[in-house]
Amino acid sequence: MTSQGPNLKVIALISGGKDSFLSILQCQKLGHEIIALANLYPPQYQTSSDEDLNSHLYQTAGHTVIPLYEQALAIPLYRREIRGKASRLEREYDASYLSTDQDSQLDETEDLFALLQDVLRRHPTANAVCSGAILSNYQRTRVEDVCLRLDLKSLAYLWQMSLPLPSTSDDSSLTEKASALLDYFAAVGFDARIVKVASGGLDESYLWQSLLDVRVRQRIKNAMRKFGGSVVGEGGEFETLVLSGPRALFKGEIIVNEDSCHVRHDQGGEAWLNIDISKTQIKQHDTGELSSHVVQRHVKDTALVSPISHNSSFVKVPFPVQSEHFSQQVDFSNWAWESHIIRHGKLLLLNSIHSGVQTQAREQEMQLIMDSMKYILAKEGLTSAHLIFTTIILRNMDDFEKVNTIYKTAFTRPLPPARVTVAAGKQMPPGTSILLSCIACRDIQDLGDGIHVQSISYWAPANIGPYSQAVSIPVSDGDNRAKLVFIAGQIPLVPETMLPAKYKDDAKLEEFEQQATLALRHARRIGSAMDVCWFSHAIAFVCSDANIQAFERARIAYNIWKKMHEQLYIEEDSSEELEATEGPDLWDIEYGAQGSFVGVADDLRSVPSAEALRSKQPGVKTPGFLAVHIDRLPRNASIEWQTVGFSSGTVDVKKENSCTTSCELFRNNATSSCISTTVIAVPLTDQQDRHNEPGRIVTVYGSAMSLSNVDTTSASKVPCHRVWGPIGGELVELSHGIVEQWVSAVG
């Protein structure tokens with residue numbers, strides 16, 4: 001795979017701990033240049049005190065040694081005193097309080113802002129910042145906020161990182177999985193000493209122990225397994241000070257006089273080292289090459305092993321009218337394009353909002369649409385902060401940047417809605433270049449949850465803009481664990497470079513297989529981060545080109561989706577008794593972990609999980625699927641996956657008939673609530689209007705011709721060229737994402 005990104009000039013945030021230095025090493029591996037180090041230290045009145053500053057954001061243990069890194073790494077170091085406090089404890093940091101609440105206590109995040117401002121004055125060519133966040137949303141979101149305000153890229157190459165280990169019987173396997181990453185730090189060659197302990201099972205006997213010692217690492221693993229906590233110290237269980245590391249990074253070794261290390265305690269059981277005197281000595285190196293542990297990408301043979309069988313179940317059905325003639329031959333008079341509002345319990349759907357006027361200026365058209373959206377929401381007592389998912393349909397994808405510039409002005413707070421964007425080309429109604437559909441939830445401000453990662457990492461593509469990777473809403477008011485998770489559209493970008501995936505294979509179909517698998521991996525990893533146990537359905541938006549017909553791409557996408565679910569089971573005997581196994585990461589299985597230097601922590605929770613199925617009966621394994629032939633996708637991608645997931649519950653997958661597949665999510669068996677999503681496929685030979693049933697919320701995909709012949713007044717409409725469904729035939733239209741009403745006491 002070849003998708004080399006631009007080389008960046010990076011400011012490295014360092015605390016002295018192992019994570020920040022491994023992050024620097026990854027930047028070097030990717031060809032970035034570290035031009036400055038940056039560090040925040042405790043106030044002067046505490047530097048000579050026995051009191052340790054328990055900052056929520058910064059490591060301060062061992063801060064007296066930090067000045068030595070400038071010489072040890074031969075990189076200029078810039079420092080600033082921590083003056084603020086942890087006054088804003090929300091997970092998603094919002095700096096807008098600076099202009100609205102002048103009397104509030106300045107949060108310590110603003111010290112980072114001031115520090116980076118100072119570094120930029122001295123290094124104006126810097127364009128990125130790297131940090132060592134692994135699992136801490138608190139830390140990641142604050143670094144991202146500062147970077148966005150300073151127009152810097154946030155690099156978090158350790159985000160969600162873990163090395164896969166054999167599965168254990170203990171489902172609380174975070175400790176087991178992360179323990180491999182602890183070993184990785186040592187394997188790379190960092191001599192990281194423990195300088196603070198603050199967790200059950202860790203006492204002062206651990207202080208100044210080296211993580212290079214396998215016995216020390218095993219003691220930490222045992223303690224975390226017994227008392228709970230992060231094996232890599234991500235929750236402050238322990239903190240480290242790196243004295244030396246790979247020669248490509250460390251030009252000298254820091255030598256600390258152990259007689260100058262004094263143990264200090266506080267009333268909470270914490271213990272740390274107060275280091276008074278230190279000295280350094282520079283090593284002489286024969287080579288500056290990177291450690292082999294970092295250079296190796298842990299990949300399998302690059303020869304392609306096809307993830308699907310080309311004996312597809314898709315059956316091509318002739319379409320009556322060529323799609324390129326739709327805009328000229330179809331009478332749109334029966335196609336109701338008025339914007340519709342649907343109220344469904346706590347949900348509010350705004351369908352097919354358009355400007356109502358013809359204009360050549362896309363910015364003006366989008367502004368009219370956004371004004372209409374805000375007006376409708378205001379009449380319902382809502383704002384854009386209540387939106388959980390949006391669909392933008394463009395006539396021309398070249399208008400995306402202009403449209404996005406206006407769109408993002410509506411979302412100034414953290415956690416914007418998840419989003420999918422496609423271009424329909426000539427399938428758009430005459431005089432309309434933009435359509436917007438939205439889903440809002442009345443309880444989203446209090447009960448909503450989601451993930452908006454804007455840092456570049458190996459995990460999944462960063463969403464550096466006004467949309468989250470996923471947003472979820474609770475199924476019922478009484479149980480916030482069972483959720484419906486809306487996942488943003490995912491295209492085949494290489495996460496660490498944010499460039500489209502390109503391959504050396506000449507065979508176009510094989511290249512598309514890899515791209516489709518990579519994009520689905522992104523959706524799965526996002527689902528894992530949101531505790532998704534099952535996908536209710538998937539939509540694969542596909543484009544065609546001169547070499548591959550859309551039908552071929554639809555067939556490949558369906559078989560990848562089908563295989564991902566079928567591999568959850570192993571047939572043991574002739575009675576077809578099935579044994580659940582851990583769900584695969586198709587990309588890593590078929591092509592190797594080409595996108596990461598170690599595995600990613602999506603194996604912490606298998607997505608999808610066979611354990612989530614209520615019924616273990618064979619036959620129905622694959623949730624609803626449809627492939628939609630669209631005109632263009634963002635970044636000229638070949639495919640975009642849109643999925644919806646269920647979290648924390650049990651699921652029934654049912655085929656009600658040859659055309660319908662539904663998923664129902666249950667909590668606590670018969671005493672809680674249920675939510676259902678359904679895919680209804682209507683073949684060309686069946687003109688029955690199946691989607692317009694009472695109590696259902698519908699999105700309809702279809703050609704302009706098909707949508708003009710069915711009643712879609714209450715539906716969100718996505719015009720497209722063709723649609724293929726899970727039964728294999730080409731469809732006249734297809735409804736999906738039908739959210740059933742919440743039902744109490746489901747039997």
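The values are calculated or read from the model by the stated rules, or taken from the named source; none is laboratory data. Just so we're clear, the structure is a prediction, and the values are computed from it rather than from any experiment. When we count neighbours, we look across all protein chains shown, and the Cβ atoms used for this are built from the backbone with ideal geometry, even at glycine. What goes into the accessible areas is simple: the full protein's heavy atoms, side chains included, and nothing from ligands, DNA or RNA. Shrake-Rupley method; radii C 1.70, N 1.55, O 1.52, S 1.80 Å.
Tabulated values for the structure
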quantity: Under 5 Å, built H, 5+ apart or other chain: amide partners of LYS153; calculated: ALA128, VAL129
quantity: In sequence order, calculated HN-Hα J values of segment 10-17 (Karplus, 6.51, -1.76, 1.60; Hz; x Gly/Pro); calculated: 10, 8, 9, 7, 10, 10, x, x
quantity: In Hz, Karplus ³J(HN,Hα) per residue of segment 460-466 (6.51, -1.76, 1.60; θ = phi - 60°; x = Gly, Pro); calculated: 7, x, 6, 9, 8, x, x
quantity: Surface share of carbon and sulfur [accessible, 1.4 angstrom probe, percent] for segment 351-510; calculated: 47
quantity: Additional length obtainable on full extension of the chain from ALA114 to VAL357, 0.36 nm per residue less Cα span; calculated: 82.8 nm
quantity: Accessible surface ranking that places the most exposed of ARG525, ARG215, ARG343 first, with a 1.4 angstrom probe; calculated: ARG215, ARG343, ARG525
quantity: When each of LYS402/LYS483; LYS402/LYS562; LYS153/LYS502; LYS85/LYS346 is checked by Cα-Cα distance, pairs over 27 Å; calculated: LYS402/LYS483; LYS402/LYS562; LYS85/LYS346
quantity: Separation in nanometres of the label points that stand 7 Å from Cα toward Cβ, at ALA95 and MET498; calculated: 1.7
quantity: Net charge, SER23 excluded, C-beta distance under 14 Å - Lys, Arg +1, Asp, Glu -1; calculated: +1
quantity: Qualifying trypsin sites (Lys or Arg not before Pro) for segment 58-162 [loop in DSSP, other Cβ within 10 Å: at most 14]; calculated: ARG83, ARG91
quantity: Cα gyration tensor, segment 357-436 - rounded (a/c under 1.5), prolate or oblate; calculated: prolate
quantity: Heavy-atom accessible surface of segment 193-235: percent carbon and sulfur, 1.4 Å; calculated: 47
quantity: Per residue solvent-accessible surface (Å²) - segment 74-164, probe of 1.4 Å; calculated: 42
